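J.: Pasting a structure below so you can have a look.
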Amino acid sequence: MSNEARTDLGERIAGVAEFVEQQGDDDDAHVADALAEHMEDAGLDAPAKRGMVGDAYREIVRRIRGRRLLEDLGEHEFSVDWLGFHVPQGAKGQLKITTAGTVGYGVKLEVLGLGFGSGCRRTLTVNEDFRERTQCLSLGQRVRAHVRSYADRGKTNASYVQVDVLAVLADERRALDPCPDCAAADEPYDLEPGAAHDLRGDPVGQVYQESIKLEDDSSVDIGLPLPFSALKIKPSVSIKRSVQLECTVKYDLPGGHLYTPYLRTDGWKGLPIWRRT
């Protein structure tokens, strides 16, 4: 299979704060109506999904117009992972991905800064052989964002941190050694075990191959690993991921061990996480 990963140039998403600030001196009610239309057109979550009720759009407008910038924390880079491939301890693994069906994409990713921030939306078509490997692999994107803290009207401490996603810098792959998911000593509550491969009585081992179709639309909020120890509020982004992928996984499992695959019960659908005993 030839290696290919095509992406578009991405679509910038004007966040809530950016939109409100562009409206000049228009009255709050007019801006609130325009904001509701903008959020619907841009595919942004309605305020009710973020726990706001009542006349939420007007309250957002008043809050942004009355806020005070506390600190400009500058621009920073971080990784956004959208799929992990896990190799059992001591084994070898290989992953091949093709775009599924006729939808015209393999992955759609939207990374939106929380705290009324802006974001970016991209589409990827993936047809790739990631070759044999002994370490787990993370597929993601390298993102640059601008981070600022604000205080609401009448407040002295930070009320929230606004993250504005500026650009996706690169499609990123990272070998995970150790892998935080597979290396955990305990069995986390958010993992569900599948049928194990019991090779404890077989010194020869097994070559195992499976086709997995990933069709999933979901979103998660993640805190960013940025060095702001003085901030009590963690800078965060919301990631929406839509996938239509055909994944072929192949494992060369040495004998003498029990290999158990696990799938996450929270977050979005992914490939198995392995534990060897």
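J.: Can you go through GLN89, GLN94 and tell me which one is surrounded by 12 or more Cβ atoms within 10 Å (Cβ to Cβ), assigned to a loop (DSSP other than H, G, I, E, B), at pLDDT 90 or above and not acidic (Asp, Glu)?
T.: Only one candidate qualifies: GLN89.
J.: Any chance you could count how many residues in the stretch 1-23 are modelled with pLDDT of 90 or more and either among the β-branched types (Val, Ile, Thr) or not in a strand (DSSP E or B) (or both)?
T.: 11
J.: If you don't mind, there's one more thing I want to ask. Condition check: surrounded by fewer than 19 Cβ atoms within 10 Å (Cβ to Cβ), in contact with a helix residue (DSSP H, G or I) (Cβ under 6 Å, 6 or more places away or on another chain) and among the small types (Gly, Ala, Ser). Does ALA56 satisfy that?
T.: yes
J.: Now, a different point. Quick one: in the stretch 216-239, which of the residues that are of a type in the set (Gly, Ala, Ser) and modelled with pLDDT of 90 or more is surrounded by the fewest Cβ atoms within 10 Å (Cβ to Cβ)?
T.: GLY223
J.: Return the residue satisfying two criteria in turn: it lies in the stretch 262-275 and is more than 16 Å from the chain's Cα centre (by Cα) and surrounded by 17 or more Cβ atoms within 10 Å (Cβ to Cβ), and of such residues it is farthest from GLU132 (Cα to Cα).
T.: The residue in question is TYR262.
J.: Sort through TYR259, TYR208, TYR251 and tell me the only one that's modelled with pLDDT under 95 and more than 22 Å from the chain's Cα centre (by Cα). Outline the logic, then answer.
T.: On the way: TYR259 fails: modelled with pLDDT under 95; TYR251 fails: modelled with pLDDT under 95.
After ruling out the rest, the residue left standing is TYR208.
J.: So, one more: Considering only the stretch 110-158, state which residues are modelled with pLDDT of 95 or more and of a type in the set (Ser, Thr, Tyr).
T.: Hits for the stretch 110-158 are SER118, THR134, SER138, SER149, TYR150.
J.: Given LEU112, LEU124, which one is in contact with a Phe, Trp or Tyr (Cβ under 8 Å, 6 or more places away or on another chain) and part of a strand (DSSP E or B)?
T.: LEU124
The values are calculated or read from the model by the stated rules, or taken from the named source; none is laboratory data. Since the structure is predicted, the reported quantities are computational estimates derived from the model, not experimental observations. Quick reminder, even Gly has a Cβ in these numbers, built from the backbone with ideal geometry, and neighbours come from all protein chains shown.
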